[in-house]
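So the structure is just underneath, and the comments pick up after that.
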Amino acid sequence: MDADSADTEQIWTLLRKYVPEVTSGLIKVVGIMREPGHSALVVGSKDPRCDSVGTCVGHKGERVKSMIRELGGEKIDIIRWDDSAERFIANMLAPLRLIRASLDDATREARVTVTEGFGSRPPDLAFRSKLLMSLTGWKLHVEVKHEG
């Protein structure tokens, strides 16, 4: 992902404005992806005591709400980075619950089976697949099993 592109520069500006932990280096932005009306931030921290997603969201969601307001209501997903491909994929697909994952290192393909969470809006799987590919080079195949 090109963090210097015009599409993501506005996100970087807002992060520096509302999340000082990004500027200080406590929160690391691993990647940003932006499409019309929808952005995703992948964040992590070297400090295990730091909740990188919670820090970006802010108390009662105030930080992310401020960014959304400045972007004219654009949806922003904030996803926790993990060095483990399987855990990162699980984080990325939340609130869907990962039941099974098969990762093929040779082809860089991940096949996962998930179930829908109760009362939660499922993520845009096409958007998340593009995000995974751009950050890690892994191609994502998702099977959704409906409970009930």
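Read the figures in this text as sums done on the coordinates, not as results from a lab. Everything numeric here is computed off the predicted structure, so don't read it as measured data. No Cβ is skipped: glycine too gets one built from the backbone with ideal geometry, and neighbour counts run over all protein chains shown.
The residues S129, S102, when put in order of fewest to most other Cβ atoms within 10 Å, stand as S102, S129.
By other beta-carbon atoms within 10 Å, ranking S134, S52 with the fewest at the front produces S134, S52.
Quick one: F127, F88, fewest Cβ neighbours within 10 Å first, how do they rank? Could the numbers behind the result be given before it?
Numbers: F127 16, F88 22.
Listed from fewest to most nearby Cβ atoms, that is F127, F88.
Could you give the length gained by full extension between K60 and I99, i.e. 0.36 nm per residue of separation minus their alpha carbon distance, to one decimal place?
Working: separation 39, 0.36 × 39 = 14.04 nm, distance 3.04 nm.
11.0 nm is the gain from fully extending K60 to I99.
Counting charges near E70 (Lys, Arg +1; Asp, Glu -1) among other residues having Cβ under 12 Å from its Cβ returns a value of +3. Under 5 Å between amide hydrogens, which residues at least 5 positions from I79 or on another chain qualify, with H placed 1.01 Å from N in the peptide plane? So I79 has HN proximity to L41, V42, V43.
The trypsin sites (Lys or Arg not before Pro) of region 56-148 meeting both criteria, a DSSP state outside H, G, I, E and B (loop) and at most 16 other C-beta atoms within 10 angstrom of the site's C-beta, are R108.
Please report the antiparallel percentage of the DSSP beta bridges confined to region 1-121, to the nearest 5.
Working: 14 of 20 bridges.
Antiparallel: roughly 70 percent of the beta bridges in region 1-121.
Note the angle between two axes, namely the Cα long axis of helix 6-18 and the longest principal axis of the Cα atoms of the chain, as a number of degrees from 0 to 90, rounded to the nearest 10. Tilt of helix 6-18: around 60 degrees.
Which one, A106, V42, I68, projects farthest toward the positive side of the charge dipole computed for the chain from Cβ point charges (K/R +1, D/E -1)? Selected residue: I68.
Give a residue-ordered list of calculated ³J(HN,Hα) values for region 90-98 (Karplus: 6.51 cos²θ - 1.76 cosθ + 1.60, θ = phi - 60°; whole Hz; x for Gly, Pro). Once θ is set to phi - 60°, the couplings for region 90-98 become 4, 4, 5, 8, 4, x, 4, 9, 6 Hz.
Taking amide H atoms as placed 1.01 Å from N in the peptide plane, the amide H of W138 has no partner under 5 Å among residues 5 or more positions away or on other chains. Computed from label points 7 Å out along Cα-Cβ, the spacing between R121 and R49 is 3.5 nm.
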